[in-house]
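The values are calculated or read from the model by the stated rules, or taken from the named source; none is laboratory data. As the structure is a prediction and not an experimental result, all values here were calculated from the model. All Cβ positions, glycine included, derive from the backbone under ideal geometry; neighbour counts span all protein chains shown.
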Amino acid sequence: MARKVILDVDPGIDDAVALCMALSDPRLEVLAVTAVGGNCSPAQATRNVQAIIEELDPPRWPRLGAASAPDDGLPVDGRHLCGVDGLGGADFDVAELHHLHPSEKVICDQVRAAGEGAVTIITLGPLTNIARAFQRDPELPSLVGQVVMMGGSVTGSGNITPAAEFNIYCDPRCARAVFRSHSTKTLIPLDVTNRIVLSYDLLGRLPDQSTKVGRFLRKLLPPAFRNYRQQFGLEGIHVHDTVALTAVTHPELFTTEEMAGDVETSGELTTGMTIFDRRRVPAWRHNMEVAVDMRADQVIDAILRSLTGVGSG
Ligand code: BDR
Ligand code: CA
């Protein structure tokens, strides 16, 4: 039976690619796609979610949720890698801008409707919506089956500041609330996702232009390769969010450890840093599974198989 999931996304090129994979994966039933500000503003993220679903037009449309502003505003955005519109300037049309419920309400409704333990929430952006959903419905953390989060860093450095990973840095207070919540959590941190680099030859292997997916990926991916070369001198792209999605579809490819993690919310140099108590005798209680290793070649294979073989409609 397909696993029921909610994807919480800030599209974002790698978010959009992960969505593309998720919507065509028979292992997943995508109940809802909820927007959150991060790579772009909340309004743009909401528009992008609608545009992506319209472009891909899956057989069963998921419920969509609208992003709202985080309490402290967004300290950064992802335009250096994803362009001003978050999608590399793809300029997808949105046929009709629907009036959407707020993301946190959609999350609460879907988790309640599916029943205890039935839903996995996959977060590919800042944790604003999840913290708000948990605040709105205090029983929710125990009703969610699992929260799988792309974010943070255990041993390595950050990617938006020397100490902080982008998703956590965007809303550290909400990230802390989710880390401290009584939910079953798995973190896929930067240490692991940074090990995957997709090379340029992917572009030659995409589905044909005559397919929706082929057209979609051909608009999204070339700007990503260009930006990674300009920003980092890299002849390839990181696709953090697709790695987190693969941890849900192919958990056997990942090694996890139980850890005790928290988030720094106010350090002058360290705001948004994730901290793990890895002392010989830790004083903090374990509160999540953290991916520490993966079979990188097989993860790349799984991502490529999904992207080059997806939907022909
Ligand atoms: C995360 O930050 C965003 O820019 C990406 O979409 C990904 O979710 C990586 O740090
Ligand atoms: Ca993201």
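Just one of (1) under 19 Å from V36 (Cα atoms); (2) more than 16 Å from ligand 1 (Cβ to nearest atom); (3) β-branched (V, I, T) fails for V147. It is (2).
Residues to consider are L7, L74; find the one that is modelled with pLDDT under 95, aliphatic (A, V, I, L, M) and within 14 Å of ligand 1 (Cβ to nearest atom). Walk me through it before giving the result.
Working: L7 fails: modelled with pLDDT under 95.
Within the list L7, L74, the selection yields L74.
Every listed requirement among (1) over 19 Å from the mean Cα position of the chain (by Cα); (2) within 16 Å of ligand 2 (Cβ to nearest atom) is met by D301 save one, (2). Filtering P11, P26, P59 for residues that are in a loop (DSSP other than H, G, I, E, B), in contact (Cβ under 8 Å) with a residue 24 or more places away in the chain and more than 14 Å from ligand 2 (Cβ to nearest atom) leaves a single hit, P26. With under 19 Å from the mean Cα position of the chain (by Cα), of a type in the set (A, V, I, L, M, F, W, C), surrounded by 22 or more Cβ atoms within 10 Å (Cβ to Cβ) and within 12 Å of ligand 1 (Cβ to nearest atom) as the only criterion, which of A133, A164 stands out? Result: A164 is the single residue among A133, A164 that is under 19 Å from the mean Cα position of the chain (by Cα), of a type in the set (A, V, I, L, M, F, W, C), surrounded by 22 or more Cβ atoms within 10 Å (Cβ to Cβ) and within 12 Å of ligand 1 (Cβ to nearest atom).
Residue-wise test of (1) farther than 23 Å from A302 by Cβ; (2) crowded, with 24+ Cβ neighbours inside 10 Å; (3) not hydroxyl-bearing (S, T, Y).
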site	(1), (2), (3)
D14	no, yes, yes
S24	no, no, no
A45	yes, yes, yes
L64	yes, no, yes
L74	yes, no, yes
